[in-house]
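Colleague: Here it is, the structure, as structure tokens.
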Amino acid sequence: MKKERFYFIPHPSPSSLIFPMHYHLIGICGTAMASLAGMLQASGHKVTGSDEKVYPPMSTMLASLGIPVTQGYDAAHLTPSPDCVIIGNAIPRGNVEVEETLDQKRLLHHRRR
């Protein structure tokens with residue numbers, strides 16, 4: 001029987017990032033999106049976000065991490081321009097931040113339902 005080998009790959013520390021990025025998460029107060037925001041920030045990236053429904057426990061978790069969250073959606077939330085916009089699966093086309101992202105041809109990632 002072949003013995004399996006496991007390798008430890010160290011997680012990069014924030015100081016070892018060559019290109020820290022600015023991520024903006026639309027719909028940041030969902031459990032998955034808030035967790036992603038925390039992981040991105042822990043990896044040394046700048047994280048901002050917006051959501052229509054900002055309330056505990058996700059809002060308090062994000063506040064404790066120092067991640068700024070704006071209530072409501074506005075194209076002005078995308079200034080200064082983030083390097084990547086991540087759109088939550090509950091956010092439909094027609095949302096002003098989604099449309100601004102598409103109009104500006106920004107790098108984006110959309111979680112489909």
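Throughout, read-outs are computed from the coordinates displayed, never taken from laboratory work. Just so it is clear, the structure is predicted and the values come from calculations on it, not from any experiment. Please note: Cβ atoms are built from the backbone with ideal geometry, for glycine as well, and neighbour counts cover all protein chains shown.
Colleague: Can you tell me which of 38-49, 61-72 comes out highest on packing, and rank the rest after it, using the mean Cβ neighbours within 10 Å? Mind showing how you got there, number by number?
Modeller: Values: 38-49: 17.7, 61-72: 14.7.
Ranked from most to least packed, the peptides come out as 38-49, 61-72.
Colleague: Grab the Cα-Cα distance for E99 and T70, subtract it from 0.36 nm times how many residues apart they are, and report the gain in nm with one decimal. Walk me through the intermediate numbers first.
Modeller: Details: separation 29, 0.36 × 29 = 10.44 nm, distance 1.75 nm.
Length gained between E99 and T70: 8.7 nm.
Colleague: What span do the alpha-carbon atoms of the stretch 20-110 cover on each of the three principal axes, reported in whole Å from largest to smallest?
Modeller: Taking max minus min along each principal axis of the Cα atoms, the stretch 20-110 gives 33, 28, 20 Å.
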